[in-house]
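Engineer: Next up is a structure, given as structure tokens.
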Amino acid sequence: MASGRSADSGGRGQRLAIVLVGTVLTVAVAWWLFLSFPTSLVELLGVLLVLLAGVMGARFAARVATQRFPSYDVAEVAVEGPIRRDAGGGLPSASGTPADDIVEQIDRANDDDNAKGLLLRLNTPGGEVVPSEDIRLAAERFDGPTVAYATDVCASGGYWIASGCDELFARDASLVGSIGVIGSRVNAAELADRVGLSYERLAAGKYKDAGVPLKELDGDERDYLQGIIDGMYDDFVERVTAGRDLDPETVRETEARVYLGDEAHRLGLVDELGTHEDVEARLAERLGVPEVSVGEFEPNQPLRQRLNLGARGIAYSFGAGIASVVGDEKGDVDGFEFRAR
């Protein structure tokens, strides 16, 4: 098993050997190319070219060495910001990493023979339901110990994801929980009447336009939408009780509240309180090694896409305000918005 101090020391020695060999070979080739038959002026320039080639060769050899002998035995994947299927289009509206990219990182770590454990770092207020489930399933199928670590916020969809890990760590002041679902709609029927707008229904299916904001909800439509919310909530409770080994009534009694980490720990929503170093120590314990080396996995994205996501993040952080703290899992059905909270 490539883990612990002995494995990391051996890996460093192998990487150093590759770097030294790569540097010597590059300098030798550069010397032959630039200094074998120089004039006096070329000789001076040749020395500079040899030095430059040596630096470039060392950098290239270092990259090869890192790929051939990785320095990590635990993969760290971060879930930051609102959980969405993708980055979205149009105006910037979210700062989170697309869920498909997070799944790709976890799967890539699972295929990496050097990654014996998974550290899933969570700082998210939640997000869309199915993308949250996809990330949870990816964590669940990782072949090795998995520990979720809640930093600032692990709410709603974030807690849904954590239920797919073996353990959940949090800080004393982390916000954890928000196990619930809310449905909302804008009721603009009265405003429409005032400005002379009317709603004309052209639809096939009794409930196709349930939730449209230009009309009032009738009793059947309200029951229909409430049924969807109840179904989502039952699924949420089922995932949490199965993954976190909690009693369903205990989960329901939280009433979708968020708790500080120490209170969440007292209620059994969190396994341990600690820092990133404490999580590493737990993974080392689970892997049976003195210590672990963590390598952060990042999405495979072109530079243009990374710059685009950065711009979205700035705009979202500027405009979201307090909503970013309690934003939740969403889904829309004909103008009716569902969120877990």
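Engineer: Exactly one of (1) hydroxyl-bearing (Ser, Thr, Tyr); (2) more than 21 Å from Ile106 (Cα to Cα); (3) open to solvent by less than 10 Å² (accessible area, probe 1.4 Å) is unmet by Ser184. Its number?
Structural biologist: Evaluating Ser184 over (1) hydroxyl-bearing (Ser, Thr, Tyr); (2) more than 21 Å from Ile106 (Cα to Cα); (3) open to solvent by less than 10 Å² (accessible area, probe 1.4 Å) leaves (3) as the failure.
Engineer: Out of all the residues in the stretch 125-159, which are on the phi > 0 side of the Ramachandran plot, surrounded by 24 or more Cβ atoms within 10 Å (Cβ to Cβ) and over 12 Å from the mean Cα position of the chain (by Cα)?
Structural biologist: Ser156
Engineer: Name the residue that is nearest to the chain's Cα centre (by Cα), counting only residues in the stretch 115-124 that are closer than 14 Å to Leu287 by Cβ and open to solvent by less than 40 Å² (accessible area, probe 1.4 Å). Steps first, answer last, please.
Structural biologist: Within the stretch 115-124, the subset closer than 14 Å to Leu287 by Cβ is 115-119.
Okay, now just the ones that are also open to solvent by less than 40 Å² (accessible area, probe 1.4 Å), so 115, 117-119.
Details: Ala115: 17, Gly117: 16, Leu118: 12, Leu119: 11 Å.
Across the stretch 115-124, the extreme among qualifying residues is Leu119.
Engineer: Please go through the stretch 282-301 and pick out each residue that is small (Gly, Ala, Ser) and loosely packed, with under 15 Cβ neighbours inside 10 Å. Please lay out each step first, then the result.
Structural biologist: Kept after step one, since they are small (Gly, Ala, Ser), are these residues of the stretch 282-301: 284, 288, 293, 295.
The one that is small (Gly, Ala, Ser) and loosely packed, with under 15 Cβ neighbours inside 10 Å: Gly288.
Engineer: The conditions are (1) open to solvent by less than 20 Å² (accessible area, probe 1.4 Å); (2) under 23 Å from Leu119 (Cβ atoms), and Val237 fails exactly one of them. Which is it?
Structural biologist: (2)
Engineer: Mind listing whichever residues of the stretch 113-142 are at pLDDT below 95 and among the hydrophobic types (A, V, I, L, M, F, W, C)?
Structural biologist: Selection gives Ala115, Val129, Val130.
Engineer: Which pairs have Cβ atoms under 8 Å, sit 6 or more apart or on different chains, and link a residue in the stretch 235-255 that is without any contact (Cβ under 8 Å) to a residue 40 or more places away in the chain to one that is in a loop (DSSP other than H, G, I, E, B) and surrounded by 12 or more Cβ atoms within 10 Å (Cβ to Cβ)?
Structural biologist: Leu246/Gly268; Leu246/Leu269; Thr250/Gly268
Engineer: Taking the stretch 247-256, which residues are surrounded by fewer than 17 Cβ atoms within 10 Å (Cβ to Cβ) and outside any helix (DSSP H, G or I)?
Structural biologist: Once the filter is applied, which keeps residues that are surrounded by fewer than 17 Cβ atoms within 10 Å (Cβ to Cβ) and outside any helix (DSSP H, G or I), the stretch 247-256 yields Asp247, Glu253, Glu255.
Engineer: Moving on to the next point. Would you pick out the residues in the stretch 258-298 that are assigned to a loop (DSSP other than H, G, I, E, B), touching a strand residue (DSSP E or B) at 6+ places or on another chain (Cβ under 8 Å) and either at pLDDT below 95 or of a type in the set (Asp, Glu) (or both)?
Structural biologist: Of the residues in the stretch 258-298, the ones assigned to a loop (DSSP other than H, G, I, E, B) are 268-271, 274-275, 288-293, 297-298.
Of the ones still in play, those that are also touching a strand residue (DSSP E or B) at 6+ places or on another chain (Cβ under 8 Å) are 269-271, 274, 292-293, 297.
Asp271, Val292, Ser293, Phe297, listed by residue number.
Engineer: Any idea which residue in the stretch 188-203 is farthest from the chain's Cα centre (by Cα), counting only those that are surrounded by 10 or more Cβ atoms within 10 Å (Cβ to Cβ) and of a type in the set (A, V, I, L, M, F, W, C)?
Structural biologist: Residues of the stretch 188-203 surrounded by 10 or more Cβ atoms within 10 Å (Cβ to Cβ): 188-189, 191-193, 197, 199, 203.
From what's left, of a type in the set (A, V, I, L, M, F, W, C): 188-189, 191-192, 197, 203.
Numbers: Ala188: 36, Ala189: 40, Leu191: 41, Ala192: 41, Leu197: 44, Ala203: 39 Å.
Checking each candidate, the answer is Leu197.
Engineer: Only residues that are at pLDDT below 90 and surrounded by fewer than 19 Cβ atoms within 10 Å (Cβ to Cβ): list them for the stretch 93-112, please.
Structural biologist: Ser93, the sole residue that qualifies.
Engineer: Moving on. Pick out the one residue from Leu202, Leu214, Leu269 that is more than 25 Å from Leu122 (Cβ to Cβ) and in contact with a helix residue (DSSP H, G or I) (Cβ under 9 Å, 6 or more places away or on another chain). So that I can check it myself, show each step before the final result.
Structural biologist: Values: Leu202 fails: in contact with a helix residue (DSSP H, G or I) (Cβ under 9 Å, 6 or more places away or on another chain); Leu269 fails: more than 25 Å from Leu122 (Cβ to Cβ).
Only one candidate passes the filter, namely Leu214.
The values are calculated or read from the model by the stated rules, or taken from the named source; none is laboratory data. Computed from a predicted model, the values in this text were never measured in an experiment. So basically every Cβ, Gly included, is an ideal-geometry build from the backbone, and we count neighbours across all protein chains shown. These accessible areas exclude ligands, DNA and RNA; they are computed on the full protein's heavy atoms, side chains included. Shrake-Rupley method; radii C 1.70, N 1.55, O 1.52, S 1.80 Å.
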